[in-house]
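> Okay, handing you the structure first.
The values are calculated or read from the model by the stated rules, or taken from the named source; none is laboratory data. Given the structure is predicted, the values throughout are model-derived calculations rather than measurements. Cβ placement follows ideal geometry from the backbone for every residue including glycine, while neighbour counts extend to all protein chains displayed. The accessibility values were calculated without ligands, DNA or RNA, using every heavy atom of the protein model including side chains. Shrake-Rupley method; radii C 1.70, N 1.55, O 1.52, S 1.80 Å.
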Amino acid sequence: MIIDYAAVFQAMPGAVALLTPDLVFADANLAWLRQAGRNRDQVVGRYLFDAFPGSPRDPAASGARRLEASLRAVLANREVDMDLQRYDVESAQRPGHWEERYWSSVNAPLFAPDGHIALVIHRVEEVTELLRAASRPDGSRQLEAELFSRMRQLHEVNERLRRAHAREREVALSLQRAMLPVPPEFGYHRFAVRYRPAVGSLNVCGDWYDLVQLQDGDKIAVAVGDVVGHGLEAAGIMGQLRSALSATSLVATGPAQALEVLGRYAHCVTGAESTTVVTAFIDFGRHLITYSSAGHPPPVLLRGDGTVDLLDRATDPPLDAVFEPSPRPEATTAFTDGGTLLLYTDGLIERRHQDIDTGLGQLTDALIRHRELTTPDALADAVMNDLIPAEGVTDDTALVVVSL
């Protein structure tokens, strides 16, 4: 059955309007228009506070200020926000006459496939009559006052929680950055690392990168990983796994054994289950890349002739995803001078409502488009700029670019 979502939107019993990020009406359903006493032409395409300016009887325009603050919070935090407020409305039948109105509003972000906020869903319910009915016979409005007092208290609690949320996010990011320093130089080898936190809330941390110089000849081990959780806990787990993989890579016979040992260690770390990671041992002397992946997106090899290969021939389940650990696969590919190897986390290519193959295609297209860039730093910046929108995405991203 094909569902006509436009008809569903118009038939919804709840009053819903859609606003652009600039707070311009994109649409409003019939229930919303009836409740506002307007027709569609009077609303759609107009700036919210031009269509519904604050009442001149309220010099402080507290209703408009609070509504705008709620909508701006949705855009900034990418989360639902709600409030109960007085917002008087000018009568459509009697211009210049302002009617006292009270509204319960819920505002929520609507995300586009690439992760940016395309629209804000503005759902309102008029509660004017409910509050008036609650007034006592003697004319007092004790219940109304109590309701608004409780809503103000709830609003203040929400603000304190939001500030605490922001502080915890900053602590988590500081911890993440402290554990992800730029690795030291490895002789003449050139590389670039990038970390971009997710936007909004505590949806940060858990992604990591690492480069280790191996003791056997002209070799380095490169890895990226992604812990399932977010915030302070994920940052702590990330630090443990990153350190364990660094140490293991120094003594392992290859990337497969390094991930096998890391998987056994992850079994003992609460919260480490289902972590994905990929590691590659680069032998510059023999021009070989040996790699192994634990459920992670494949590394990408940009060859000197401009062709691109996905290194996806050695993929196994994520860490601690199976009851009995077993030897992991690894594969080897040759390279020539002038190539580039990229390892990354899924924040670079995965978007809501988009197939991962589409993201991989966008990545390979970006590499081919920027193949003439001569330094890993320039290529890393170009790839991040192409694949991550200016407003950011809802998952953090780690990226390593190694010049071969």
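> Considering each residue of segment 362-378, count those that are open to solvent by 50 Å² or more (accessible area, probe 1.4 Å), closer than 16 Å to Val300 by Cβ and either in contact with a helix residue (DSSP H, G or I) (Cβ under 9 Å, 6 or more places away or on another chain) or free of Cβ contacts under 8 Å to residues at least 12 places away in the same chain (or both), and give that number.
Selection size over segment 362-378: 5.
> Any chance segment 379-402 includes a residue that's of a type in the set (D, E, K, R) and open to solvent by less than 10 Å² (accessible area, probe 1.4 Å)?
First, pick out the residues of segment 379-402 that are of a type in the set (D, E, K, R): 381, 386, 391, 395-396.
Retained after the next criterion (residues that are open to solvent by less than 10 Å² (accessible area, probe 1.4 Å)): 396.
Yes: segment 379-402 contains one or more residues that are of a type in the set (D, E, K, R) and open to solvent by less than 10 Å² (accessible area, probe 1.4 Å).
> What residue, among those in segment 1-26 that are of a type outside the set (A, V, I, L, M) and in contact with a Lys or Arg (Cβ under 8 Å, 6 or more places away or on another chain), is surrounded by the fewest Cβ atoms within 10 Å (Cβ to Cβ)?
Taking segment 1-26 first, the residues of a type outside the set (A, V, I, L, M) are 4-5, 9-10, 13-14, 20-22, 25.
Subset that is in contact with a Lys or Arg (Cβ under 8 Å, 6 or more places away or on another chain): 14, 25.
On the way: Gly14: 12, Phe25: 23.
Out of the qualifying residues, it is Gly14.
> Taking into account only those residues within segment 111-125 that are under 14 Å from Ile388 (Cβ atoms) and surrounded by 17 or more Cβ atoms within 10 Å (Cβ to Cβ), which is modelled with the highest pLDDT?
His116
> Right, another one. Output the qualifying pairs, or none if there are none: Cβ atoms under 8 angstrom, residues six or more apart or on different chains, first residue in segment 350-361 and at positive phi, second residue surrounded by fewer than 15 Cβ atoms within 10 Å (Cβ to Cβ).
His353/Pro113
> Can you name every residue in segment 27-69 that is under 35 Å from the mean Cα position of the chain (by Cα), at pLDDT below 80 and open to solvent by less than 60 Å² (accessible area, probe 1.4 Å)?
Pro53, Gly54, Ala61, Ser62, Gly63, Ala64
> Got a sec? Which strands (runs of 3 or more DSSP E) wholly within segment 225-304 have at least 2 residues that are over 30 Å from Leu373 (Cα atoms) and open to solvent by 10 Å² or more (accessible area, probe 1.4 Å)?
Answer list for segment 225-304: none.
> Which of (1) in contact (Cβ under 8 Å) with a residue 12 or more places away in the chain; (2) more than 24 Å from Ala192 (Cα to Cα); (3) under 31 Å from the mean Cα position of the chain (by Cα) is the odd one out, the single condition Val322 does not satisfy?
So Val322 meets the others, but not (1).
> Out of all the residues in segment 203-224, which are among the small types (Gly, Ala, Ser), assigned to a loop (DSSP other than H, G, I, E, B) and open to solvent by less than 10 Å² (accessible area, probe 1.4 Å)? Outline the logic, then answer.
Going residue by residue through segment 203-224, those that are among the small types (Gly, Ala, Ser) are 206, 217, 221, 223.
Adding the requirement that they be assigned to a loop (DSSP other than H, G, I, E, B) leaves 206, 217.
Once the filter is applied, which keeps residues that are among the small types (Gly, Ala, Ser), assigned to a loop (DSSP other than H, G, I, E, B) and open to solvent by less than 10 Å² (accessible area, probe 1.4 Å), segment 203-224 yields only Gly206.
> On to the next question. Would you tally the residues in segment 374-397 being more than 15 Å from Gly359 (Cα to Cα) and among the hydrophobic types (A, V, I, L, M, F, W, C)?
Within segment 374-397, residues that are more than 15 Å from Gly359 (Cα to Cα) and among the hydrophobic types (A, V, I, L, M, F, W, C) number 5.
> So, of the residues in segment 305-364 that are in a helix (DSSP H, G or I) and hydroxyl-bearing (Ser, Thr, Tyr), which turns out to be nearest to Thr253 (Cα to Cα)? Please lay out each step first, then the result.
Initially, segment 305-364 is screened for residues in a helix (DSSP H, G or I), giving 346-348, 356-364.
From the residues that got through so far, the ones that are hydroxyl-bearing (Ser, Thr, Tyr) too are 358, 364.
On the way: Thr358: 35, Thr364: 31 Å.
Here the residue is Thr364.
> Among Gly338, Gly304, Gly361, which is the only one that is of a type in the set (Gly, Ala, Ser) and within 28 Å of Asp114 (Cα to Cα)?
Gly361
> Within segment 187-202, can you find the residues that are over 22 Å from Val300 (Cα atoms) and open to solvent by less than 20 Å² (accessible area, probe 1.4 Å)?
Correct list: Ala198, Gly200.
> Which count do you get for residues in segment 303-315 that are over 14 Å from Tyr344 (Cα atoms) and in contact (Cβ under 8 Å) with a residue 40 or more places away in the chain?
Residues of segment 303-315 over 14 Å from Tyr344 (Cα atoms): 303-309, 313-315.
Those left that are additionally in contact (Cβ under 8 Å) with a residue 40 or more places away in the chain: 306, 308, 314.
The total comes to 3.
> While we're looking at this one, here's another question. Does segment 70-93 hold any residues that are open to solvent by 60 Å² or more (accessible area, probe 1.4 Å), at pLDDT 70 or above and not hydrophobic (A, V, I, L, M, F, W, C), and which are they?
Correct list: Arg72, Glu79, Arg86.
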